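Some notes on the structure that comes next.
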Amino acid sequence: METPGAFAIYETQHWSLTHRVDSALPGYLMLGSKIDTNNLADLPVEALTSLGPLLARSQEALQRLFQPVRIYIGRYGHAPGYPIHFHLIPIYDWVERLFWQDARYRSLELFAEPSDEAGTDGAELTLFVWREFCERAVPPTGEGPSVSETMAMLRAAFKPLETD
C-alpha cells in the first residue's frame, strides 16, 4: 500500500518512515516494510538488522523534538495490503489530560480488576488516540506544533547521515 509522499519522513532500502496519514496527532509515525510481508521471519537479514537502529532513531527524534511523556511502539500489519509495520505513538501530557477529561473512557475501568494503582495503561491511551485523533471527523485540538510542522521538523532531523 502506497503512502502519499506528503507524509513521507525518511526512507532506507528496506523501510519507509511516514507520518500516519489519517492522524491528527502530531508525530504519530509509522515505520513500514517495503517488502510485502507481514512476517518478520520473511524479511531479509539486512532489513532485520536495520530495524532496531531505525526504531531507536525514530524514538530518539520524537523524544528530543517534542518531549512526549511516553512513546508507544506497536507492531501491526496483519491485514491484506499492509506489509508489516510499526506504529510510534507519542503520548503528550495534553493527550493524557484529554483522556482523563473524557468521561466516556472511564467505562474502560469496568473491564479491569479494582486496583490501588492510579493511572492508565498503554492499551487505553492507544485506543483513545486511535478513536479521537485518527477516526473522529473533528479531532481534539492539540498543543504544540501542527502535523505539518511536526513532519517538517522530523524530515530535518532525518536528513541522511554519512552512514545511511
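The values are calculated or read from the model by the stated rules, or taken from the named source; none is laboratory data. Treat the numbers as computed from the prediction; the structure is a model and nothing was measured. No Cβ is skipped: glycine too gets one built from the backbone with ideal geometry, and neighbour counts run over all protein chains shown.
Of all residues in segment 58-79, how many are surrounded by 15 or more Cβ atoms within 10 Å (Cβ to Cβ) and in contact with a helix residue (DSSP H, G or I) (Cβ under 6 Å, 6 or more places away or on another chain)?
4
Residues of segment 35-69 being without any contact (Cβ under 8 Å) to a residue 24 or more places away in the chain and either farther than 23 Å from Met151 by Cα or assigned to a strand (DSSP E or B) (or both), which ones?
Within segment 35-69, Ala41, Asp42, Val45, Leu48, Thr49 qualify.
Being part of a loop (DSSP other than H, G, I, E, B) and either loosely packed, with under 13 Cβ neighbours inside 10 Å or at positive phi (or both) is the filter here, so list the residues in segment 1-20 that pass it.
Met1, Glu2, Pro4, Gln13
Give the residues of segment 70-111 that are among the charged types (D, E, K, R), more than 14 Å from Val129 (Cα to Cα) and part of a helix (DSSP H, G or I), sorted by residue number.
Arg106, Glu109
For segment 124-143, which residues satisfy the criterion of being surrounded by 13 or more Cβ atoms within 10 Å (Cβ to Cβ) and either without any contact (Cβ under 8 Å) to a residue 12 or more places away in the chain or in a loop (DSSP other than H, G, I, E, B) (or both)?
Trp130, Arg131, Pro139, Pro140, Gly142
Is there a residue being surrounded by 15 or more Cβ atoms within 10 Å (Cβ to Cβ), at pLDDT 90 or above and closer than 17 Å to Met151 by Cβ anywhere in segment 91-113?
There is at least one residue in segment 91-113 that is surrounded by 15 or more Cβ atoms within 10 Å (Cβ to Cβ), at pLDDT 90 or above and closer than 17 Å to Met151 by Cβ.
When you go through (1) surrounded by fewer than 19 Cβ atoms within 10 Å (Cβ to Cβ); (2) modelled with pLDDT of 95 or more; (3) not hydrophobic (A, V, I, L, M, F, W, C) one by one for Tyr82, which number turns out not to apply?
That leaves (2) as the condition not met.
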